[in-house]
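S.K.: Below are the C-alpha cells for one structure; questions will follow.
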Ligand SMILES: O=c1[nH]c(=O)c2[nH]c(=O)[nH]c2[nH]1
C-alpha cells in the first residue's frame, strides 16, 4: 500500500475587512469577509515540514488589508482577481489561488428623508458572494447570492406525487412557497460589468420566483436558472440551493374555525432541500471553478 498526498490548499479563512472610502464628506463602505486559498507545489510542508514554499496565512491576511489601502476595493470580483493574481504571480510554487468574498450590505440611514453621509444600517442577512480562481494564468469567476429570503402566499401547488404506506402529505393546489435562495453563477467571457450583472441576475431570480406558477420547488428552481441564462449571455451555468421553508396550515377545527389558507405554522426544520444546476450546452469548460470549495 502506498500513501500519497491528494489535492490540498491552504489560506486564511474569513478575514473581516471594512473599508471606508472618503469622497469629501460622503463615505462609502465595503464590508467584506475574505477567504484565501493557495494551491501548488506544497508537498514539502505536508511530507517533511519544510515551509520554504509556504506563504504564511498571516501574510495572506495582511495582504488583504494592505490591498484595501493601496487601491479602492471596488467590486468584489475585481478585488478577488487582484489578490489571486498577486499570490500566483509572486510565489514561484503557488500556481493557483481561490479568493472567496462575501459582501455584507449597508444602506444609508435616511435623516429627514435624505441619505446620511456616514451613517448606515445593515441591509439584512443577504450577501453578495464571489469565488475567484486563478490557475496557471487563467481566471474563473463564480459569483452569487446567499440568504435571499422570498415567499409567495399563493401561486404554488404540489400534487401528483406517489403515495406509499408512509405518505401522509396532503395534495394541495394552493400553498405558501418560501425559500432562502443560495445561487451561484459561473461567468464566461471578458469585460463583464460585475455590479450590473449581479443586479440584473438578482432581479431575474426574484421576478421569476414571483411570476412562475409553481407545481414544485424543483420546477421553480429550473425556471429561475433558465431565466438567468436566457437574460444574461455572460453566465454559463447557474447552481441553486433552495430550502423549502414549509408553512403548514394550522388545524383550527377544534375551535370551530375554518382555516381558509390564512393561518400557518412556519416550521424551521426539517426542511426540504432542492438543489440543481442549469447550464448551457455550449458553455465554456468550467476548469477548476468549482473544485475544492
Ligand atoms: O415543491 C416540493 N417539492 C418536493 O419534492 C416536496 N416534497 C414535499 O414533501 N413537499 C414538496 N414540495
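The values are calculated or read from the model by the stated rules, or taken from the named source; none is laboratory data. Since the model is a prediction, treat every value here as computed from it, not as a measurement. Don't worry about glycine lacking a Cβ; one is built from the backbone with ideal geometry, like all the others, and counts go over all protein chains shown.
S.K.: Being touching a residue at least 60 places away in the same chain (Cβ under 8 Å) and either within 23 Å of the chain's Cα centre (by Cα) or crowded, with 16+ Cβ neighbours inside 10 Å (or both) is true for just one of 83, 29, 42. Which residue is that?
M.R.: Working: 83 fails: touching a residue at least 60 places away in the same chain (Cβ under 8 Å); 42 fails: touching a residue at least 60 places away in the same chain (Cβ under 8 Å).
Step by step, each of 83, 29, 42 is checked, and only 29 is touching a residue at least 60 places away in the same chain (Cβ under 8 Å) and either within 23 Å of the chain's Cα centre (by Cα) or crowded, with 16+ Cβ neighbours inside 10 Å (or both).
S.K.: In contact (Cβ under 8 Å) with a residue 12 or more places away in the chain, away from the ligand (no atom under 16 Å from the Cβ) and assigned to a strand (DSSP E or B): which single residue out of 284, 237 fits that description?
M.R.: Details: 284 fails: assigned to a strand (DSSP E or B).
Testing whether each residue is in contact (Cβ under 8 Å) with a residue 12 or more places away in the chain, away from the ligand (no atom under 16 Å from the Cβ) and assigned to a strand (DSSP E or B) leaves just 237.
S.K.: Failed condition for residue 242, given (1) in contact (Cβ under 8 Å) with a residue 24 or more places away in the chain; (2) part of a loop (DSSP other than H, G, I, E, B), with all others met?
M.R.: (2)
S.K.: Continuing with the same structure: Output yes when any residue across the stretch 172-187 is under 27 Å from residue 27 (Cα atoms) and in contact with a strand residue (DSSP E or B) (Cβ under 9 Å, 6 or more places away or on another chain), and no when none is. Steps first, answer last, please.
M.R.: Just the residues of the stretch 172-187 that are under 27 Å from residue 27 (Cα atoms), to begin with: none.
Looking for residues that are under 27 Å from residue 27 (Cα atoms) and in contact with a strand residue (DSSP E or B) (Cβ under 9 Å, 6 or more places away or on another chain), one finds none in the stretch 172-187, hence no.
S.K.: Taking residue 155 as meeting all but one of (1) within 16 Å of the ligand (Cβ to nearest atom); (2) at negative phi; (3) surrounded by 14 or more Cβ atoms within 10 Å (Cβ to Cβ), write down the number of the exception.
M.R.: The failed condition is (2).
Here is a yes/no grid of residues against (1) within 14 Å of the ligand (Cβ to nearest atom); (2) touching a strand residue (DSSP E or B) at 6+ places or on another chain (Cβ under 8 Å):
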position: 130; (1), (2): no, yes
position: 134; (1), (2): no, yes
position: 137; (1), (2): no, no
position: 145; (1), (2): no, yes
position: 189; (1), (2): no, no
position: 199; (1), (2): no, no
position: 212; (1), (2): yes, no
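S.K.: Tell me, yes or no, whether the stretch 160-169 has at least one residue that is crowded, with 17+ Cβ neighbours inside 10 Å, within 16 Å of the ligand (Cβ to nearest atom), at negative phi and at pLDDT 95 or above. Spell out how you get there, then give the answer.
M.R.: In the first step, residues of the stretch 160-169 are kept if they are crowded, with 17+ Cβ neighbours inside 10 Å; the result is none.
Scanning the stretch 160-169, I find no residue that is crowded, with 17+ Cβ neighbours inside 10 Å, within 16 Å of the ligand (Cβ to nearest atom), at negative phi and at pLDDT 95 or above, so the answer is no.
S.K.: Mind listing just one residue for me: the one in the stretch 245-257 that is within 16 Å of the ligand (Cβ to nearest atom) and in a loop (DSSP other than H, G, I, E, B) and, of those, nearest to residue 285 (Cα to Cα)?
M.R.: Here is the first cut: in the stretch 245-257, the residues within 16 Å of the ligand (Cβ to nearest atom) are 245-249.
Narrowing the set further to residues that are in a loop (DSSP other than H, G, I, E, B) leaves 245-246.
Values: 245: 34, 246: 37 Å.
Per the criteria, the residue is 245.
S.K.: Right, something else. Can you find a residue in the stretch 107-121 that is outside any strand (DSSP E or B) and within 20 Å of residue 188 (Cβ to Cβ)? Steps first, answer last, please.
M.R.: From the stretch 107-121, those outside any strand (DSSP E or B) are 112-113; that's our starting set.
Next, from what is left, pick out any that are within 20 Å of residue 188 (Cβ to Cβ): none.
No; the residues of the stretch 107-121 include none that is outside any strand (DSSP E or B) and within 20 Å of residue 188 (Cβ to Cβ).
Okay, residues lined up against (1) more than 18 Å from the chain's Cα centre (by Cα); (2) buried (at least 20 other Cβ atoms within 10 Å of the Cβ); (3) in contact (Cβ under 8 Å) with a residue 40 or more places away in the chain; (4) assigned to a loop (DSSP other than H, G, I, E, B):
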position	(1), (2), (3), (4)
189	yes, no, yes, yes
199	no, no, no, no
202	no, no, yes, no
206	no, no, yes, no
219	yes, no, no, no
222	no, no, yes, no
230	yes, no, no, no
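S.K.: Which residues, taken from the stretch 25-77, are part of a strand (DSSP E or B) and within 29 Å of residue 122 (Cα to Cα)? Talk me through it step by step, then tell me what you get.
M.R.: Start the filter on the stretch 25-77 by keeping residues that are part of a strand (DSSP E or B), which leaves 26-40.
Correct list: 26, 27, 28, 29, 30, 31, 32, 33, 34, 35, 36, 37.
S.K.: Given the condition in contact with a strand residue (DSSP E or B) (Cβ under 8 Å, 6 or more places away or on another chain), more than 16 Å from the ligand (Cβ to nearest atom), at pLDDT 95 or above and under 19 Å from residue 154 (Cβ atoms), answer yes or no: does some residue in the stretch 214-223 qualify?
M.R.: No, every residue in the stretch 214-223 fails to be in contact with a strand residue (DSSP E or B) (Cβ under 8 Å, 6 or more places away or on another chain), more than 16 Å from the ligand (Cβ to nearest atom), at pLDDT 95 or above and under 19 Å from residue 154 (Cβ atoms).
S.K.: Turning to a different aspect of this structure: Kindly indicate which of 138, 122 is exposed (fewer than 13 other Cβ atoms within 10 Å of the Cβ) and in contact (Cβ under 8 Å) with a residue 60 or more places away in the chain. Break it down stepwise before answering.
M.R.: Working: 122 fails: in contact (Cβ under 8 Å) with a residue 60 or more places away in the chain.
Checking each option against the conditions leaves just 138.
S.K.: Taking residue 193 as the residue in question, decide whether it is free of Cβ contacts under 8 Å to residues at least 24 places away in the same chain and either more than 16 Å from the ligand (Cβ to nearest atom) or more than 18 Å from the chain's Cα centre (by Cα) (or both).
M.R.: Values: free of Cβ contacts under 8 Å to residues at least 24 places away in the same chain: yes; either more than 16 Å from the ligand (Cβ to nearest atom) or more than 18 Å from the chain's Cα centre (by Cα) (or both): yes.
Considered against the rule, which asks whether it is free of Cβ contacts under 8 Å to residues at least 24 places away in the same chain and either more than 16 Å from the ligand (Cβ to nearest atom) or more than 18 Å from the chain's Cα centre (by Cα) (or both), residue 193 comes out as yes.
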